[in-house]
Every structure is written in C-alpha cells, then in structure tokens.
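What follows is a set of notes on a single structure, which appears directly below.
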Amino acid sequence: VIVGGGFGGLYAARSLSKADVKITLIDKRNFHLFQPLLYQVAAGWLSPGEIASPLRTVLSKFKNIFVLKAEAVDILPAEKKIILRDGEVVATGSHHHYFGHQEWAKTAPGLKTVEDALTIRRKILLSFEAAERETDPDIQREWMTFLIIGAGPTGVELAGTIGELARTTLTEDFRIIDTCNT
C-alpha cells in the first residue's frame, strides 16, 4: 500500500510496477498535482487541469496498481491495516484463514505465495508417489484424495487443476494406480 499520489507515491508505484505484487495507492484526491507549476495557476497563465493528471490515467498501464480515492487516517503496522477516514479498512497483506482451526495449518498449507504453491505441488506429487507404492486399494484412494478448504476462486481453481492433473497429465506416468479414478 502506498499512501499519497504525489511525486514520492508515483515514483514508488512505478518502481514496484514490475514486481509480482498487488499495489494499492491511496490518495484523498483522484489526481496527481504537479506542484512546481502552481504559481502559474495562481497567476492565471495555466488552468488547474493543465497541472493535474488523474491518478488512474497516470498509472493505467500498470495492471498491478489499484487506486483508491480515500484518506488514510491511521496505520496499524502490526495488523497490516490502514484505516480510512470513512471507517473502511484496507488490508496491506493477507494471511491464511483456517476458520478457527489453526491446527489445520500443519497439514493444509495456504496458497498466498510462490512458496505456498511449491509446497502444495510437492504434497500433491508425493501423494501420487505414495499411492503408487501402496498395495492396499483403500489406502491408495486415501493418498489420491485431496481436501481443499475454501471454495473461493483459488480453491475452486486448485480443485479443478488437481482433477485435470490426475485425469490428463499423470495418466501415463504410473503403472499401478489409476489416476483417473481419484
């Protein structure tokens, strides 16, 4: 989250625009003001529109930057939140939510980072490997059963991807297990 669409805010946003992050720029106005020319507006030589550019237009080519017209009144670093004048809260980071069951975190990683994705991929592939070594069909089925907590976009996409992986990608890779029947 970047608070302020002045020179510093725009510079920070542009500098981060190629990073694999979502950037939210908050400013109480919806425009960037080129302050060095304010004296010309005061003198009547320029109109305000000539030195003010809409923030969304200035940043439109950067698809990972979101602009909020709002005023930040408090920053809660420990909670990774910013409180806005209208009482809304902007979360500056995300964390996994286990619906009051933090014990699930040991075996059910969240999916918020590249590291999380690699952990999940490893668990999925190792589960198929364990099923291939297992002789008991019931235990094989257990190894090839995946539980996804959360049916938001990420959970739904992950479920579909695991199904596609089992029914198409891995069908010829194993000799004992039938990945199509997972």
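The values are calculated or read from the model by the stated rules, or taken from the named source; none is laboratory data. Computed from a prediction, not measured in an experiment: that's the story for all the values here. Quick reminder, even Gly has a Cβ in these numbers, built from the backbone with ideal geometry, and neighbours come from all protein chains shown. Just the protein is used for accessible areas: all its heavy atoms, side chains included, with ligands, DNA and RNA removed. Shrake-Rupley method; radii C 1.70, N 1.55, O 1.52, S 1.80 Å.
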Quick check, is Thr119 of a type outside the set (Asp, Glu), over 30 Å from Lys69 (Cα atoms), at pLDDT 85 or above and out of contact with any Cys (no Cβ under 6 Å at 6 or more places or on another chain)?
no
I'm told Thr107 meets every condition in (1) more than 30 Å from Lys28 (Cβ to Cβ); (2) surrounded by 11 or more Cβ atoms within 10 Å (Cβ to Cβ); (3) among the hydroxyl-bearing types (Ser, Thr, Tyr); (4) at pLDDT below 85 except one. Can you identify the failing condition by its number?
(2)
Those strands (runs of 3 or more DSSP E) lying entirely in the stretch 1-73 with at least 2 residues in contact (Cβ under 8 Å) with a residue 40 or more places away in the chain and either open to solvent by less than 70 Å² (accessible area, probe 1.4 Å) or farther than 23 Å from Ile83 by Cα (or both)
23-27, 65-69
When you check Asp27 against the structure, is it among the acidic types (Asp, Glu) and modelled with pLDDT of 90 or more, yes or no?
yes
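Looking at the stretch 144-158, which of its residues are open to solvent by 50 Å² or more (accessible area, probe 1.4 Å), under 18 Å from Ser127 (Cβ atoms) and not aromatic (Phe, Trp, Tyr)? Lay out the reasoning, then the answer.
Taking the stretch 144-158 first, the residues open to solvent by 50 Å² or more (accessible area, probe 1.4 Å) are 145-149, 151, 153-154, 156-157.
Subsequent filtering for residues that are under 18 Å from Ser127 (Cβ atoms) retains 145-149.
Within the stretch 144-158, Thr145, Leu147, Ile148, Ile149 qualify.
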Subset of the stretch 134-143, residues closer than 19 Å to Thr107 by Cβ and open to solvent by 80 Å² or more (accessible area, probe 1.4 Å), comes to Arg141, Glu142, Trp143
Within the stretch 125-179, tally of residues that are hydrophobic (A, V, I, L, M, F, W, C), part of a helix (DSSP H, G or I) and over 31 Å from the mean Cα position of the chain (by Cα)
3
